[in-house]
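Colleague: One structure, pasted below without further comment.
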Amino acid sequence: MPISIFDMFRVGIGPSSSHTVGPMRAGKRFVEELHQQNLLMNCDHIVVQLKGSLAATGKGHATDQAVMLGLMGHLPDTIEVASIASFIDQIQKTKQLLLDQTKFISFDPEADIQFHPEVQDPYHTNAMEFYAFNDKNEMIFTEKIYSPGGGFIEAESEIHQSNYSKSSHLDLNKNVKYPFKNTKELLEICRQEKMSIAELIFQNELTWRSAEEIEEKLDQIAHLMHEIIESGLSAQGVLPGDLKVKRRAPTLYQTLSKATNFNKDPLLIMDWINVWGLAAAEENAAGGRVITAPTNGASGVIPAVLEYYRQYVEGADVKGIQNFLLTAGAIGLIYKRNASISGAEVGCQGEIGVACSMAAAGLAASQGATVEQIENAAEIGMEHFLGLTCDPVKGQVQIPCIERNAIAAVKAINASRMALRGDGSHFISLDQVVRTMLITGKDMQTKYKETSLGGLAVSIVEC
Ligand code: SF4
């Protein structure tokens, strides 16, 4: 399964790519399978079991709601965000669900979505089992579907068919013009062909779409990232959930809009980067429109760094933005193939760390960095997030997630600048850092991997 960079930049909804976007796509996929097997009209009842991390933090991440919306036939990129609350309200009141917009089935969310945080699936903790029953309460179809991060889904049946192994399943080698498995291979091809990472990725993307379509999609992503920031800067109030976290971005934005004296405080620029990161991350936490980059929890980092490029880098233009996204996407593919972009699998280093690494590489590329400097930027961007745990308080993508986006955006810019000031030579390669991230993630205890059983998630109770 070769993956496109556009799989790293998926339009969706908040608050989580693995716990909201993936489960919604999984629900939709399950009803599509019922359709294909002519079972939809026989289906009278559905039960869904959420396992592992999906169960541990599913309530805070709206996983149950996402599954219901998917079963109704909705998808994260097209659903109207404003209508979600009424859809869920309707199911809760009537105990009926409009399966794939086709027929009503009985569905009581309390009983029919079952949470099993104690079950750790050996393949991936984010597992969902769907069961469809007929009117005699006989099971007519079942499927296990995983949500391994970034909004990707994988059905167990496909995994078995493809004789699954992690490295062969995400095969970047198939079909594309310039196949590569890791940074070493990517850079070797760039040197041989005398092309940039962005040019190479562009050529590979032609496997799936025309040059015009690629450019159009890149421009749409950049535009939507800007819109998400704008929306977060103007939205007021408190984020959903028990924590009652107040949105910070709008107030900070108003303060910054009045503060223009950069001579007295040259670090005002950092405040701006922070506010863009906060704004996008708060939109995600509010369940608004989001672009995974590479995940929802980390979806404020790349937009904030891109906004910095637009507003503060001399000569910033559309081509630079495209180079940014193509290069950042290439780095994301390397993490996805060789490690993980799932907080439930490797901790927050796989989300915020990867986003920082992607953003650092993208920013360096947009300013004409060599491939060695780009690798260096990406490597610095991750190196100082190694070991970062995932410990969302009350299972909500708010604390510490929102602030982490702002911090990582500033760090990405620093990493990019450090790399651009050098000649590209560096001691640790990006591939070594990616491998280290994976090993560190495997060593990390489950309580630090999107379960809300460790770290900050429990410290507020103990203090
Ligand atoms: S702590 Fe990091 S990985 Fe965990 S939910 Fe928050 S942003 Fe995602």
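Every read-out reported here was derived from the displayed coordinates using simple, explicitly stated rules and does not represent laboratory data. Because the structure is predicted, anything quoted here is derived from the model rather than measured. Every residue, glycine as well, gets a Cβ built from its backbone with ideal geometry; the counts of neighbours run over all protein chains shown.
Colleague: For the stretch 17-166, give the magnitude of the charge dipole about the Cα centre (Cβ charges: +1 Lys/Arg, -1 Asp/Glu; no others), in debye to the nearest 20.
Modeller: Dipole of the stretch 17-166, to the nearest 20 debye: 180 debye.
Colleague: Can you order the peptides 260-270, 448-458, 373-383 by their average number of other Cβ atoms within 10 Å per residue, highest first?
Modeller: 373-383, 448-458, 260-270
Colleague: Also: Run down the lysines and flag those whose C-alpha is under 19 Å from the C-alpha of K51, throwing out any fewer than 8 positions away in its chain.
Modeller: K28, K59, K144, K394, K442, K447, K449
Colleague: I've got another one for you. Taking the simple approach of a point 7 Å from Cα along Cα-to-Cβ for both H35 and Q236, what is their distance in nm?
Modeller: About 4.3 nm separates the two model spin labels.
Colleague: Also, quick follow-up: Could you tell me which residue out of G297, P148, L233 lies farthest along the dipole of the chain toward its positive end? Charges go on the beta carbon: Lys and Arg +1, Asp and Glu -1, centred on the Cα centre.
Modeller: Of G297, P148, L233, it is L233.
Colleague: Further question on the same structure: Rounded, prolate or oblate: pick one for the stretch 202-336, where a ≥ b ≥ c are the square roots of the eigenvalues of its C-alpha gyration tensor, a/c under 1.5 means rounded, and failing that, prolate if a/b is larger than b/c, else oblate.
Modeller: oblate
Colleague: Can you give the charge dipole size of the chain about its Cα centre, rounded to the nearest 20 debye, using +1 on the beta carbon of Lys and Arg and -1 on the beta carbon of Asp and Glu?
Modeller: The dipole magnitude comes to about 720 debye.
Colleague: Oh, and also: Given Cβ point charges of +1 (Lys, Arg) and -1 (Asp, Glu) and nothing else, what value in debye, to the nearest 20, does the dipole of the stretch 250-329 about its Cα centre take?
Modeller: Around 60 debye, computed over the stretch 250-329.
Colleague: Can you bin the chain into rounded, prolate or oblate? Criterion: square roots of the alpha carbon gyration tensor eigenvalues sorted a ≥ b ≥ c, rounded for a/c under 1.5, prolate for a/b above b/c, oblate for the rest.
Modeller: Verdict is prolate for the chain.
Colleague: Determine the calculated [θ] at 222 nm for the chain from helices alone, applying -39500 (n - 2.57) to every DSSP H run no shorter than 4 residues and normalising by the residue count; nearest 500 deg cm²/dmol.
Modeller: Taken over the chain, the calculation gives -15500 deg cm²/dmol.
Colleague: Here is a follow-up. Take the alpha carbon atoms of the stretch 361-411, find their center, do the same for the stretch 334-354, and report the distance between the two centers in whole angstrom.
Modeller: The two parts, judged by their Cα centres, are 11 Å apart.
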